[in-house]
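Rule-based calculations on the coordinates, nothing more; no lab input. Worth saying up front: this structure is predicted, and the values here are computed from it rather than measured. Using ideal geometry, Cβ is built from the backbone for each residue, glycine included, and neighbour counts are taken over all protein chains shown.
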Amino acid sequence: MSHLNRLHVLIIEDRTLISDLLSLSLEETGDFRALSVPTIESAFEVKVDKEFDLVMLETSLANPVQIRLVQDVVQHFQPAKTVLFGRSTDPMFIQNCLDVGVSGLIPKQFSLEALILALKLIYTGQKFVPSDQQMAAVTDEALERSSLSRKEFDVLRKLTEGLSNKDIMRMLGLSESTVKMHVRSICKKLGAANRTQALVYAQRHGLI
């Protein structure tokens with residue numbers, strides 16, 4: 001890949017040795033130009049005069065990464081693709097990150113070759129999450145039994161995390177009134193008086 005066609009990667013990683021080794025390894029392939037910063041706040045500062053194709057966000061920084069901060073990174077660096085980078089992460093957290101626009105997860109256990117292939121795949125617009133990190137999808141049979149639509153199930157899944165209607169609205173790209181409508185519909189279809197009863201029903205019947 002020519003110098004002009006290299007993919008520009010921003011690495012957000014607070015361990016200097018790891019970030020330096022990763023930056024050097026990527027640049028030595030000839031396909032990437034890499035810049036590393038230790039915090040999300042410092043990443044926002046470099047955006048002023050630089051454009052990136054990929055942003056690699058370490059999932060276990062000194063301060064735990066919250067979903068709102070992940071969403072801020074995704075929005076701030078668009079159209080760059082944001083990728084989680086770290087060790088095994090809670091599947092629910094991964095799914096929430098995908099819901100707010102993250103393009104994938106690359107485990108630190110990957111070889112350099114596998115990491116490079118994953119980055120190039122993500123750059124083309126495809127999502128990448130290793131199969132052992134993906135959440136088990138609800139079966140069509142379970143959805144049919146409950147009469148829930150796929151969107152209602154997505155809302156139900158977010159309710160299990162204790163998220164507010166506003167959080168669900170932001171993650172799923174819905175209006176708050178639509179979220180409320182889905183919650184009412186879920187309760188009606190599951191024969192529940194409120195969202196707590198709906199969650200109890202869903203857990204007992206293997207929906208979540």
What full-extension length gain, to one decimal in nm, is calculated for HIS205 and LEU69 as 0.36 nm per residue of separation minus the Cα-Cα distance? 45.6 nm
Just to confirm the number: angle between the C-alpha axis of helix 16-28 and the first principal axis of the chain, 0 to 90 degrees, nearest 10? 70 degrees
Please compute the modelled spin-label separation between LEU117 and THR196, points set 7 Å along Cα→Cβ, answer in nm with one decimal. 5.0 nm
Among the lysines, which have Cα under 29 Å from the Cα of LYS81 when same-chain residues fewer than 8 positions away are ignored? LYS47, LYS50, LYS108, LYS120, LYS127, LYS151, LYS158, LYS166
If Lys and Arg each add +1 and Asp and Glu each add -1, what is the summed charge of the other residues whose beta carbon sits under 12 Å from the beta carbon of CYS187? +4
Checking the a/c ratio against 1.5 first, then a/b against b/c, what shape does the Cα gyration tensor give for region 140-204? prolate
Two-site label geometry, LYS50 and SER185: point separation in nm, points 7 Å out along Cα→Cβ: 4.5 nm
Degrees separating the helix 112-123 axis from the principal Cα axis of the chain, which is the longest one: 60 degrees
